[in-house]
1. Pull up the cross-link candidates among the lysines for K23, meaning alpha carbon to alpha carbon under 22 Å and not fewer than 8 places away within one chain.
2. Using Cβ contacts closer than 10 Å as the measure, can you line up K54, K9, K47 from fewest to most?
3. Dipole of region 1-55, Cα-centred, from +1 at each Lys and Arg C-beta and -1 at each Asp and Glu C-beta, to the nearest 20 debye?
4. Net charge near E18, counting Lys/Arg +1 and Asp/Glu -1 over other residues with Cβ under 15 Å of its Cβ?
5. Cut-off is 10 Å between beta-carbons; in what order do C15, C36 appear when sorted fewest neighbours first?
6. Multiplying the sequence separation of R50 and N29 by 0.36 nm and subtracting their Cα-Cα distance, what value in nm do you get?
7. For K85, give me every one of the lysines with a C-alpha distance below 21 angstrom, ignoring sequence neighbours fewer than eight places off in its own chain.
Amino acid sequence: MLPPGFDPKGKCPQCGFELHSCKQCVYFNTASRFECAQPIPERIPRKDTRNECKFYSPTVRVERQTSAGTPNSTTVSGPSYDPRKAFENLFKK
């Protein structure tokens, strides 16, 4: 997670990836012309390197908590979960 007030022209403090790059932009779309949802005049060949695109807007991704035992957990795991028992419960009358 990036800290508030991060420098979008800098690098990620954790992995060192360029933040002002196509792959970090909200408009990056592999299905669009030149892989961008905006009307860029020419294709930017390297999508993971820093560029000076005027349409750049950092994308926001939310990492979801998936470990067992947390209030927001959506996984079914842990010592009390038995897959065979869950399968048998599907067909009980």
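Each reported figure results from applying straightforward, stated rules to the coordinates on display, with no laboratory input. Just so we're clear, the structure is a prediction, and the values are computed from it rather than from any experiment. Virtual Cβ from ideal backbone geometry, glycine too; neighbours counted across all protein chains shown.
1. K9, K11, K47, K54
2. K54, K9, K47
3. Taking the Cα centre of region 1-55 as origin, the dipole is about 80 debye.
4. Residues near E18 contribute +3 overall.
5. C15, C36
6. 5.9 nm
7. Straight-distance partners of K85: K93.
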